[in-house]
Every structure is written in C-alpha cells, then in structure tokens.
1. Just one of (1) over 30 Å from Asn171 (Cα atoms); (2) crowded, with 16+ Cβ neighbours inside 10 Å; (3) among the acidic types (Asp, Glu); (4) within 18 Å of the chain's Cα centre (by Cα) trips up Asp112, so point out which.
2. If I ask for residues that are at pLDDT below 90 and within 13 Å of the chain's Cα centre (by Cα), which ones from segment 5-16 would you list?
3. Which residue out of Ile29, Ile22, Ile2 is at pLDDT 90 or above, in contact with a Leu (Cβ under 7 Å, 6 or more places away or on another chain) and under 25 Å from Ala175 (Cβ atoms)?
4. So Asp200 ticks every box in (1) exposed (fewer than 13 other Cβ atoms within 10 Å of the Cβ); (2) not in a helix (DSSP H, G or I) but one. Which box is left unticked?
5. Does Ala153 meet the test of being in contact (Cβ under 8 Å) with a residue 12 or more places away in the chain, part of a helix (DSSP H, G or I) and within 25 Å of Ile29 (Cβ to Cβ)?
6. Go through segment 27-48 and give me each residue that's within 25 Å of Ile109 (Cα to Cα), free of Cβ contacts under 8 Å to residues at least 60 places away in the same chain and either touching a helix residue (DSSP H, G or I) at 6+ places or on another chain (Cβ under 7 Å) or not β-branched (Val, Ile, Thr) (or both).
7. Give just the number: which of (1) crowded, with 17+ Cβ neighbours inside 10 Å; (2) over 15 Å from the mean Cα position of the chain (by Cα) does Ser137 not satisfy?
Amino acid sequence: MINSSAILVISGPSGAGKSSLINKISDKIGSYYFSISTTTRAPRGEEQNGREYYFVTKDEFEKDIEANNFLEYATVHGNYYGTSMIPVKEALNDGKLVIFDIDVQGQKIVIDKLSEITTSVFLTTPSLNELNKRLYSRDTDDTEVIEKRLFQANEELEQIKHFDYLIVNDNLDTAAQELLHVAYVARLKNSNEQTRIFIDKWKR
C-alpha cells in the first residue's frame with residue numbers, strides 16, 4: 001500500500017551536500033513540498049527571502065513561537081531556525097512528500113510529533129577532514145563560524161543512531177541514487193490510522 005503523503009527528514013553537517021543532493025533528485029521523486037525554514041540569521045550571498053529561507057527578525061520569530069506556529073524550532077549558532085506547521089499540513093493533505101532539511105534537534109522534534117509518517121536520513125561527508133575542506137573551499141563563512149560548524153558536526157555525528165538511514169556523500173551521483181531510494185521508501189511508510197483503514201477495506 002503506497003502512501004503518497006509522507007515526511008522525509010534530511011539532517012547532517014553544514015557542507016555535507018544536502019541541498020545539492022535534493023536538487024539532483026527533485027525531478028525524480030514525484031509530487032513533493034520542500035519545507036522552507038524560517039530563520040533570524042542574515043541572508044548569505046545571493047540568498048532570497050522565500051527561496052532559501054524566510055528571513056525574519058528575532059521579535060517576529062518569538063511572536064510565532066508564542067502563537068505555537070512552529071512544528072519545530074531550535075537555536076543554531078546563535079540564530080533561530082524553525083518550520084511553520086501551516087504549509088506542511090497543506091502539503092500532506094495534498095498527498096505530497098514533505099522534505100525537511102533540518103538539524104538533529106529538529107529531527108528529534110519531528111519524530112516525536114509525526115513519527116508514524118516520517119523517515120529520516122543522516123547525510124555526511126566521508127570524514128571530518130573532508131568536511132573541513134568543503135567548508136573552507138565554499139568561502140561563505142569566516143573562520144570562527146566554520147570552526148563552530150566543525151565542532152557541531154562532531155556532536156551531530158553521535159546522533160546517527162537515531163536516524164533510519166545513513167548516506168555518506170563521497171560521490172555525488174552515488175549519494176543521490178541512495179537518497180532517491182530512501183525517498184521512495186518513505187512513501188511506503190503508513191501511519192496506524194492508514195493501516196487501520198486498509199484493514200477495514202480489506203475485510204469488506
């Protein structure tokens with residue numbers, strides 16, 4: 001029984017290639033909604049509001065926290081990041097695969113709230129040394145920020161055991177194929193309610 005509406009959580013260190021892999025498989029996974037996070041950090045480079053993130057002030061973000069408008073939110077490197085519940089519910093109702101690119105803190109919250117329809121994958125580089133090379137070569141952050149990201153990556157790796165799948169992005173094409181398989185599997189996961197409905201129909 002295929003469940004077209006499902007959630008796929010992708011987590012991993014900044015610089016592991018999450019965005020590149022999602023872009024590479026986006027035309028092969030059927031109808032989907034990529035959840036755009038809201039953040040209080042400043043835009044980088046050519047980032048645009050409503051494309052990479054929804055950029056808001058700290059006051060605006062905290063008002064939405066009080067209104068309970070976030071599925072999950074966390075503080076990362078001194079900035080708020082969060083996911084609005086409204087478009088997620090709409091996408092699931094439309095039978096779409098909802099893709100989250102969130103940190104390990106956010107993954108735990110999504111699993112707690114929506115575990116029955118959520119599949120999670122941790123994406124990382126082959127080594128800490130390779131992550132170090134990628135972060136410095138993309139030249140988007142200063143040394144202090146990169147060092148914080150490397151420190152965070154060490155801690156995040158300890159959470160792999162809480163994910164359904166691990167993908168090591170050593171080769172982009174291979175990693176993309178593996179992620180595509182996980183996306184297909186995510187659509188096969190059914191909630192208890194969906195299983196009950198199927199059993200009731202089957203018995204008629």
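1. (2)
2. Ser14
3. Ile29
4. Unmet for Asp200, out of (1) exposed (fewer than 13 other Cβ atoms within 10 Å of the Cβ); (2) not in a helix (DSSP H, G or I): (2).
5. Here the answer is no, as Ala153 does not meet what is asked.
6. Thr38, Thr40, Arg41, Ala42
7. (1)
The values are calculated or read from the model by the stated rules, or taken from the named source; none is laboratory data. Every value quoted in this text rests on a predicted model; they were computed, and no experiment measured them. Because the Cβ atoms are built from the backbone with ideal geometry, glycine has one as well, and the counts that use them run over all protein chains shown.
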